[in-house]
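The values are calculated or read from the model by the stated rules, or taken from the named source; none is laboratory data. The shown structure was predicted, so the numbers you read here are calculated from the model rather than taken from an experiment. Don't worry about glycine lacking a Cβ; one is built from the backbone with ideal geometry, like all the others, and counts go over all protein chains shown.
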Amino acid sequence: MSHHDKLVAAFETYQAENEKFQGKGVKASAARARKALQEIAGSCKERRKEITAEKEGLEGKPKGAGMSQDAARHAHIRK
């Protein structure tokens, strides 16, 4: 399962459990909703890494080549 699919599944789980917690007051659903949110956070980080790697692959730029955004900003400020 890809990180994108994990994000979608975790969000659907979150929506269902949050509805049970908010609508019916099921306390166990609160814990499951929080767990789904934690899974979303982790999958978001991993998906961001994947997207960056894919983007760099499209640009033909090897990983780590060139300046970081911070370095570029500082170089611009120094001029």
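Given the criteria within 22 Å of His3 (Cβ to Cβ), part of a helix (DSSP H, G or I) and out of contact with any strand residue (DSSP E or B) (no Cβ under 9 Å at 6 or more places or on another chain), does Ala53 qualify?
yes
I'm checking my understanding of the structure. Among residues of the range 1-24 that are small (Gly, Ala, Ser) and modelled with pLDDT of 95 or more, which one is farthest from the chain's Cα centre (by Cα)?
So the residue we want is Gly23.
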